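Report on the following structure.
The values are calculated or read from the model by the stated rules, or taken from the named source; none is laboratory data. These figures come from a predicted structure and were not determined experimentally. Because the Cβ atoms are built from the backbone with ideal geometry, glycine has one as well, and the counts that use them run over all protein chains shown. Only protein heavy atoms, including side chains, enter the accessible area calculation; ligands, DNA and RNA are left aside. Shrake-Rupley method; radii C 1.70, N 1.55, O 1.52, S 1.80 Å.
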Amino acid sequence: MIMSSRRSKCRDELPAFDSMAAGNIVNNCNNSDSNNSTNPIIIARIILRKAITLVFRDDNFIIRNLKDIIIGITFGAITVTILIALDYRGIINVESARTLRKVASKVINYPLVIANLEKELDVKIIKIERYNTIEQELKVANTNMTIMEKKMEYYTKDLKEKLKELESVKKEYDTLYNKIQTLD
């Protein structure tokens, strides 16, 4: 039995399965535009399959070990996160997750850690009670500002009216003064 490998006539031609999945039953180099009904979901699946084969393909010892390390660390971190979340919700009981949460809260409440965080992030970390007090003071100050702005608006309007009245009185005064001056 003689087996021959056929090479593609066209370099950018898809393999047979990918061609059928993308919607091209016949993949001719000359007739590539006539059957171009590509489905984006199928193409995404093809790309994902190619990426997975590239990730799990063993080319080199160093690359294979790096992939194993990165995948192991990623899955380990995801597993620990899920366990902590499930323990926090009370779905499972993991003593080490509770201990980890307690230690983390003690570390984050340590004054030196807070000072370093404030310095690096350029923010001031305060307790929630102090924050609520400051927020209340700001609300009161904003309310007072609006009241003062309304009063200022009223006094400005009153001042304009008084200045108009003063101007008319001043004109009347000038006319009367001129009349008196002419009588003398």
Charge tally in the Cβ shell below 15 Å around ILE125, where Lys, Arg are +1 and Asp, Glu are -1, ILE125 excluded: 0
Accessible area in square angstrom per residue, segment 47-176, 1.4 angstrom probe: 92 Å²
Exposure of ARG64 as accessible area (Å², to 10), given a probe of 1.4 Å and all protein chains: 80 Å²
Per-residue SASA entry for TYR154, accessible area with 1.4 Å probe, Å² rounded to 10: 140 Å²
